[in-house]
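Comments concern the structure below.
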Amino acid sequence: MSAPQAPLFSAAGEAKGQFDLPEAIFTPVGSRRVLQQVIVGLQANQRRGTSSTKTRGFVSGGGRKPWKQKGTGNARSGSIRSPLWRGGGIIFGPLPRSYRVGLDQSKRLIALQTALSEKAKASELSVFEAIQFAEPKTREAQKLLKSAGVSGRALVVVDQRDENLTRAFGNMKGITVVDVAEVNAWQLMAAPKVLFTKAAIEALQKRWPKG
């Protein structure tokens, strides 16, 4: 099986042929099932779980029986805070809880590898020799992406974020900059286009266990 490749661009956004992606990361088939499990888990871990409602025991008032049990012609009722009454408690409403899902490192790596492989196969991954800006100017970032033919939403993965780079991309809608040490499968699959720097690809290999 030949090594997977991705378009290579210079630091100015000029096409420079193809870049051979590391076979150890991009060649294995991976597991779409694990990818789905990890993405759902990462999404669940973002939930705050703070939704709260009051059952009849927590709604103030309603301690006195609204009318006597018999002789009024009304249906029997023990409290004005019954869930059947307006202003009453909520039946089986949401209460604060944790949605956190435990994701071990091996699953995270399999999901990340699968996502990288999928992006490479779909030609949605590109590599830049470097992405650096002398000044934190949005126009410089726009010029770079335009030269490389990148438009719309994109995920920029670098080996180390600096202030100039973060500020240059900061005002561009749909552009997200992430450190390679923190990138996950969810971010990769959600981005229509993924842009790696050469240094980020090299740093990415360090996340995989040796052997």
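The values are calculated or read from the model by the stated rules, or taken from the named source; none is laboratory data. Since the model is a prediction, treat every value here as computed from it, not as a measurement. A quick note on method: Cβ atoms are made from the backbone with ideal geometry, for glycine too, and the neighbour counts reach across all protein chains shown.
Name every residue in the range 39-69 that is of a type in the set (Gly, Ala, Ser) and either closer than 30 Å to Leu112 by Cβ or surrounded by 11 or more Cβ atoms within 10 Å (Cβ to Cβ) (or both), in order of residue number. Step through it out loud before you land on a result.
Filtering the range 39-69 for residues of a type in the set (Gly, Ala, Ser) gives 41, 44, 49, 51-52, 57, 60-63.
Hits for the range 39-69 are Gly41, Ala44, Gly49, Ser51, Ser52, Gly62.
Scan the range 13-51 for residues that are assigned to a helix (DSSP H, G or I) and aromatic (Phe, Trp, Tyr) and the total you get is 1. In this structure, Glu135 does not satisfy being at pLDDT 90 or above and farther than 30 Å from Phe58 by Cα. The residue of the range 56-82 that is farthest from the chain's Cα centre (by Cα), among those that are polar (S, T, N, Q) and closer than 28 Å to Pro94 by Cβ, is Ser77. Candidates in the range 1-32 are the residues that are over 13 Å from Gly149 (Cβ atoms) and acidic (Asp, Glu); of these, the one that is surrounded by the fewest Cβ atoms within 10 Å (Cβ to Cβ) is Glu23. Within the range 85-98, the residues that satisfy the criterion of being surrounded by fewer than 12 Cβ atoms within 10 Å (Cβ to Cβ) and more than 30 Å from Gln46 (Cβ to Cβ) are Arg86, Gly87. Could you please find all residues in the range 1-55 being without any contact (Cβ under 8 Å) to a residue 40 or more places away in the chain, more than 19 Å from the chain's Cα centre (by Cα) and closer than 30 Å to Gly89 by Cβ? The answer is Lys54, Thr55.
Taking the conditions (1) more than 21 Å from Lys107 (Cα to Cα); (2) touching a helix residue (DSSP H, G or I) at 6+ places or on another chain (Cβ under 8 Å) in turn, Ala199 satisfies each one other than (2).
In a residue-by-residue description of the range 62-76, the property of being within 30 Å of Leu125 (Cα to Cα) and in a loop (DSSP other than H, G, I, E, B) applies to no position.
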